[in-house]
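Trainee: Dropping the structure in here first, questions after.
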Amino acid sequence: MVPIAIDNVTLEYDTPAGKVTGVKDVSFDIGASEFVCIVGPSGCGKSTLLNVIAGFLAPAAGEIRIAGKTITGHGMDRGVVFQDFAQLFPWRTALGNVSFGLEMKGVAKDERDRIAREQLRLVKLEKFVDSFPHHLSGGMQQRVAIARALAYNPSVLLMDEPFAALDAMTRDDMQTLLADVWRETRKTVIYVTHNVAEAVYLADRVIVMSAHPGTVQADIRIDLPRPRDPLSVEFLECQKQLMRHLGHKVSGNGAAH
Amino acid sequence: MTIPTMTDATINTATKSASKSSASMSDQSKGRRSLWRAAIVLIIAACCYEAVARSGAFAPALMPKLSVVAQTFIAMLLDGTMIEHAVYTLYRVLFGFFLAVLVGLPIGILMARFRPVESFFLPLVSALMPIPSFALVPLFMLWFGIGNLTTILIVFYAATFPMMFNTWSGVRSVNPLWLRAAGAMGADENALFWKVIIPGASPFIITGLRQAFLRAWIAVVGAEMIAASDWGLGWVIFDAKEFLNTDVMLAALVVIGGIGFVFEKLVFGSLEKRTVQRWGMSRVAKG
């Protein structure tokens, strides 16, 4: 819902061997309500970049502006979903997890229960509001995490390989669900993945990063109509194009990932 | 390939939701079974004791039959003396235990959150924890006299360090992802503390409470033997020795064991069941 500007961001790690540059001079803009995927080989700093945008890490140089304002730390204008299922609070039910952000905002109990139930319905978990996370499957836990990140109504949703630890079947379902949720909420989404098919399925735009140090290698617009058909010729063509940018050798049927 | 996976997933969710409703049933029957098992073990132990007592290896005055112990036990219950002794002991142990929690819990948390606090208290804990509280009784008697104050302080000493140590470990083991997620959702320091760190450390905190109470219970009986006058279960045993009242000693031991069992199983066991086990943060052994 709001534009984001990433302006010459550089990030360095302190290691025993000295400073290592994780991300170097990364710049790109994201439009309001745009779904942007960041793909790249492991170690290219895509998760690091997301953590900088989330405000968990401070950049060594450059800045990030959300709706024109430079960010200085984490804030409630951004919702974050991590890869690890353990991100949910095990001592809270699905409803309790989803209403956490609203609780921090000082929303009254009845109101936050109502909103949390609504969010859980959005991710199709209305039957599991009173379940504790350890009673839910991995896919369900990630759906709770998405509902939790959306509940306090941030304008930006940051997702760090949220479905990477799920099996292929569940992942497909989750991608469809996320595409639906995004269409309904129109959040600005930044989504980190190493899965090319996932990026083509979800994104309006794909930022391809290269490693050591992480830089932007390509910025590709995906103009396929939604909902997208992963088996269509155009879809596979997009995948091939993306894989070429990632330096893969693409054979006749570029469906491997 | 697609169809079997689909069915698997469906069955999986179905059993998952079904197991939730049947869980309470099986929990109940499991609880009854473990109660039976405990009863059988206790009966076997009692039979062994009875066999040795009847064999004549010790004089009957030194090792009375269980029927005699039971008679004494009932008599002491009926005239109220045993209850009064137990109340004194419970007062001392609970007073000392709560004091230990009041001190140990916050210090344990501060140790895990702030380096200087940790480097100050950790050597202290390491040095003082191994000293048996019983070894301090004579010293405390000289400082604080005979009676409640000394026994309560001995209990406090015994219980504080396990409480502190477990809390410290628990807070350190809180998943950083929870803190990150809570921070992203706008939690301030206060909310992080009460709504993330305390529940996140709860498996360790409950273990700390358990260990602290166990050590407190052992300490109070020991301290009462030397440092209590007239009342308390430990004092009963020590006093009965003077008159060769082994039946009284054994009756007091039964009460000591019984109260310890009630706290361990009913108080801390049910606390664990209602919190960390319900949340899936600690698992029950299988079989």
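A quick yes/no check of all residues on (1) more than 11 Å from chain B (Cβ to nearest Cβ); (2) of a type in the set (V, I, T); (3) buried (at least 20 other Cβ atoms within 10 Å of the Cβ); (4) at negative phi:
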position	(1), (2), (3), (4)
A:V123	yes, yes, yes, yes
A:N153	yes, no, no, no
A:L177	yes, no, no, yes
A:K187	yes, no, yes, yes
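Trainee: Can you tell me which of A:L166, A:L158 is at pLDDT below 90, touching a helix residue (DSSP H, G or I) at 6+ places or on another chain (Cβ under 6 Å), under 29 Å from A:Y201 (Cβ atoms) and within 12 Å of chain B (Cβ to nearest Cβ)?
Mentor: Result of the check over A:L166, A:L158: A:L166.
Trainee: Working only within segment A:87-114, note down all residues that are buried (at least 20 other Cβ atoms within 10 Å of the Cβ) and more than 13 Å from chain B (Cβ to nearest Cβ).
Mentor: Result: A:L95, single match.
Trainee: Only one of B:V155, B:V87, B:V125 is in the same structural domain as B:V221 (by TED's automatic domain parsing), assigned to a helix (DSSP H, G or I) and touching a residue at least 60 places away in the same chain (Cβ under 8 Å); which?
Mentor: Details: B:V87 fails: touching a residue at least 60 places away in the same chain (Cβ under 8 Å); B:V125 fails: touching a residue at least 60 places away in the same chain (Cβ under 8 Å).
On inspection, the qualifying residue turns out to be B:V155.
Trainee: Which condition does B:I198 not pass, out of (1) within 22 Å of the chain's Cα centre (by Cα); (2) farther than 30 Å from A:F82 by Cα; (3) aliphatic (A, V, I, L, M), if it passes all the others?
Mentor: The failed condition is (2).
Trainee: Of all the residues that make up segment A:128-172, how many are within 17 Å of the chain's Cα centre (by Cα), among the acidic types (D, E) and closer than 20 Å to A:E103 by Cα?
Mentor: The qualifying residues number 0.
Trainee: Additional query: Of the conditions (1) more than 14 Å from every other protein chain (Cβ to nearest Cβ); (2) without any contact (Cβ under 8 Å) to a residue 12 or more places away in the chain; (3) of a type in the set (D, E), A:E63 satisfies every one except a single condition; which number is it?
Mentor: It is condition (2) that A:E63 fails.
Trainee: Among the residues of segment B:195-221, which ones are away from every other protein chain (no Cβ under 14 Å) and of a type in the set (V, I, T)?
Mentor: Listed by number, the residues that qualify are B:T207, B:I218, B:V220, B:V221.
Trainee: Determine which member of the set B:P138, B:P176 is loosely packed, with under 15 Cβ neighbours inside 10 Å, away from chain A (no Cβ under 14 Å) and on the phi < 0 side of the Ramachandran plot.
Mentor: On the way: B:P176 fails: away from chain A (no Cβ under 14 Å).
Unique residue meeting the criteria: B:P138.
Trainee: To continue, here is another question. Could we say that B:L102 is surrounded by 14 or more Cβ atoms within 10 Å (Cβ to Cβ) and either closer than 19 Å to B:L209 by Cβ or among the aliphatic types (A, V, I, L, M) (or both) here?
Mentor: Spelling it out, it is not the case that B:L102 is surrounded by 14 or more Cβ atoms within 10 Å (Cβ to Cβ) and either closer than 19 Å to B:L209 by Cβ or among the aliphatic types (A, V, I, L, M) (or both).
Trainee: Please state which one of A:R121, A:R112 is outside any loop (DSSP other than H, G, I, E, B), basic (K, R) and in contact (Cβ under 8 Å) with a residue 12 or more places away in the chain.
Mentor: A:R112
Trainee: Continuing with this model, one more query. Could you tell me whether A:A147 is more than 10 Å from every other protein chain (Cβ to nearest Cβ) and either farther than 19 Å from B:A181 by Cβ or among the small types (G, A, S) (or both)?
Mentor: So A:A147 fits the description; yes.
The values are calculated or read from the model by the stated rules, or taken from the named source; none is laboratory data. None of the values given here were measured: they were computed from a predicted structure. Ideal geometry is used to build each Cβ from the backbone, glycine not excepted, and the neighbour counts take in all protein chains shown.
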